[in-house]
Amino acid sequence: MAFFEKDIASAAVLVVFLPLIIASGGNSGSQAATLIIRALAVGEVKLSDWLRVFRREVFNGLAIGTTLGLIGLAVVAIGAQFSPIFTEHWPLVALTVCVALIGVVLWGSLVGSMLPLLLSRIGLDPASSSAPFVSTFVDVTGIIIYFNVASLILGGTLL
């Protein structure tokens with residue numbers, strides 16, 4: 001986060017949504033990893049099914065991410081009516097939160113589902129990619145996704 005210190009100082013409102021972004025990505029990744037590890041263990045999924053799993057997780061990640069993104073967008077829109085922290089650029093903040101949530105949840109779903117398959121493919125125990133590992137990895141990369149989306153959307157306005 002120190003890398004994004006300047007952005008945080010310029011747009012403190014971004015910090016308000018950081019827990020939502022991190023939790024959403026980590027939870028989606030953990031859930032996907034748990035389901036794939038179980039499916040591998042009981043024989044419902046084989047390594048050769050990776051493309052089918054990938055497609056399904058893209059769809060699931062986009063659906064859940066879009067739902068959460070629209071909720072985040074609504075929270076910003078409503079919050080902007082009551083708090084000056086959102087500034088006059090609140091529509092861009094809302095778009096930032098929405099797009100970042102879609103991206104982070106999609107990323108979490110893909111990492112969580114593909115990592116156990118990759119580990120299994122190289123001969124390691126897929127349970128090594130347990131929920132805490134996936135969650136931590138997706139949380140850290142989710143911060144990077146969030147602030148890069150913010151830089152793209154808010155650049156020239158709040159940033």
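The values are calculated or read from the model by the stated rules, or taken from the named source; none is laboratory data. Remember, predicted model here, so these are calculated numbers, not experimental data. Please note: Cβ atoms are built from the backbone with ideal geometry, for glycine as well, and neighbour counts cover all protein chains shown.
Of the helices (runs of 4 or more DSSP H) lying entirely inside region 1-69, those carrying at least 3 residues that are crowded, with 18+ Cβ neighbours inside 10 Å and in contact with an Asp or Glu (Cβ under 9 Å, 6 or more places away or on another chain) are 18-42. Only one entry of SER113, SER120, SER128 meets the criterion of being under 24 Å from ILE143 (Cβ atoms), polar (S, T, N, Q) and either touching a residue at least 40 places away in the same chain (Cβ under 8 Å) or surrounded by 13 or more Cβ atoms within 10 Å (Cβ to Cβ) (or both), and that entry is SER113. With respect to the stated conditions, VAL134 fails to be touching a helix residue (DSSP H, G or I) at 6+ places or on another chain (Cβ under 9 Å), aliphatic (A, V, I, L, M) and either within 18 Å of PHE4 (Cα to Cα) or modelled with pLDDT of 95 or more (or both).
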